[in-house]
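Working notes, beginning with the structure itself.
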Amino acid sequence: MTLAELAERLDRAALTAAAVAQPADLEVGDAYLVQGLSIDRRRRRGERVVGIKMGFTSREKMRQMGIEETIWGRLTDAMRIPSGGTLPMARHIHPRAEPEIAFLLGRAPDPDEPAASLASAVEAVAPAIEIIDSRYEDFRFDLAGVIADNASSAAFVLGEWRPFSTGLAIAGLDVALELDGRVAESGSTAAILGDPLLALAAGVRLAARYGHPLTAGDVVLAGAATAAVPLREGVRVTARVEALGPVSFRAVAGDGS
Ligand code: OOG
Ligand code: MG
């Protein structure tokens with residue numbers, strides 16, 4: 001199978017909410033090419049890339065999925081659910097939610113910039129929820145497989161942006177994920193590489209290395225602070241990040257039409 005064929009297969013799996021088998025013998029560099037090709041298909045349908053998501057930036061996530069390397073994927077405008085909005089379950093295969101924080105870039109970052117100076121590229125931060133949905137059977141994959149599948153990215157919800165200044169500490173904030181008001185997962189933003197700014201630095205560097213330099217206005221999801229939880233129809237999901245506030249959505253029946 002060519003890289004373009006693999007990209008088409010993964011894109012179709014996402015469009016039709018039907019899982020496919022994992023590719024064999026894919027290399028990481030080629031996997032990022034497949035990811036880019038599948039996003040090109042979305043672009044041709046009118047979607048716009050609005051930023052990136054980081055994956056496997058916390059021990060919890062590495063342990064849950066058995067992968068120890070930090071990865072990234074692309075976010076498009078069509079993946080965004082407004083805060084308080086709904087996720088149509090029929091459009092997804094086996095979706096899960098995880099609590100994150102998001103950065104909004106005020107200027108183009110330099111890939112060689114240290115994390116400390118990168119803080120000045122951040123305009124605002126927000127609490128966020130990422131909805132991941134592997135296009136592979138049983139939500140199982142290897143490193144190259146998940147990269148090709150756009151790092152399992154399916155949807156994301158952003159809470160209110162809060163202006164970022166270097167005085168705003170974001171490294172040790174309590175994080176909780178609630179299902180219908182009951183805490184399902186809890187942790188700290190310190191779980192995200194020790195400091196979410198380091199996840200941003202990794203994202204800036206990795207995305208540039210694979211041909212996707214970030215720019216002003218881009219959103220960067222730092223990666224989940226806790227393990228992800230499976231969704232079921234009707235459930236209301238809320239993430240709370242200390243000092244940043246809540247963000248929520250509801251998983252609903254149907255395909256949204
Ligand atoms: C891959 C994506 C990981 C995160 O926040 O660590 C991720 C997956 O778990 O399916 O989004
Ligand atoms: Mg995530």
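Contact list please: Cβ distance under 9 Å, first residue in region 54-65 and in contact (Cβ under 8 Å) with a residue 24 or more places away in the chain, second residue of a type in the set (Lys, Arg) and near ligand 2 (Cβ under 10 Å from one of its atoms), pairs at least six apart or on different chains.
Sorted first by the residue in region 54-65, then by its partner, the pairs are Gly55/Lys61.
Step by step: first the residues of region 151-172, then only those that are assigned to a strand (DSSP E or B) and not basic (Lys, Arg), then the one that is surrounded by the most Cβ atoms within 10 Å (Cβ to Cβ). Which residue is that?
Ranking the candidates gives Val157 first.
Just the residues that are surrounded by fewer than 22 Cβ atoms within 10 Å (Cβ to Cβ) and either in contact with a helix residue (DSSP H, G or I) (Cβ under 6 Å, 6 or more places away or on another chain) or not in a loop (DSSP other than H, G, I, E, B) (or both), please, taken from region 220-237.
Passing the criteria: Ala227, Val229, Pro230, Glu233, Arg236.
Quick check on region 71-78. Is at least one of its residues touching a residue at least 12 places away in the same chain (Cβ under 8 Å) and away from ligand 2 (no atom under 16 Å from the Cβ)?
Taking every residue of region 71-78 in turn, at least one turns out to be touching a residue at least 12 places away in the same chain (Cβ under 8 Å) and away from ligand 2 (no atom under 16 Å from the Cβ).
Name every residue in region 38-62 that is part of a helix (DSSP H, G or I) and within 16 Å of ligand 2 (Cβ to nearest atom), in order of residue number.
Of everything in region 38-62, those that are part of a helix (DSSP H, G or I) and within 16 Å of ligand 2 (Cβ to nearest atom) turn out to be Arg59, Glu60, Lys61, Met62.
Consider region 31-57. How many of its residues are of a type in the set (A, V, I, L, M, F, W, C), over 19 Å from Ile101 (Cα atoms) and more than 16 Å from ligand 1 (Cβ to nearest atom)?
2
Each row is one residue, and each column tells you yes or no for (1) at pLDDT 95 or above; (2) of a type outside the set (D, E, K, R); (3) closer than 20 Å to Val28 by Cα; (4) more than 12 Å from ligand 2 (Cβ to nearest atom).
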residue	(1), (2), (3), (4)
Ala121	yes, yes, no, yes
Glu130	yes, no, no, no
Tyr136	yes, yes, yes, yes
Ile147	yes, yes, yes, yes
Ser153	yes, yes, yes, no
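The values are calculated or read from the model by the stated rules, or taken from the named source; none is laboratory data. Computed from a predicted structure; not experimentally measured. Neighbour counts run over all protein chains shown; Cβ positions are idealised from the backbone, glycine included.
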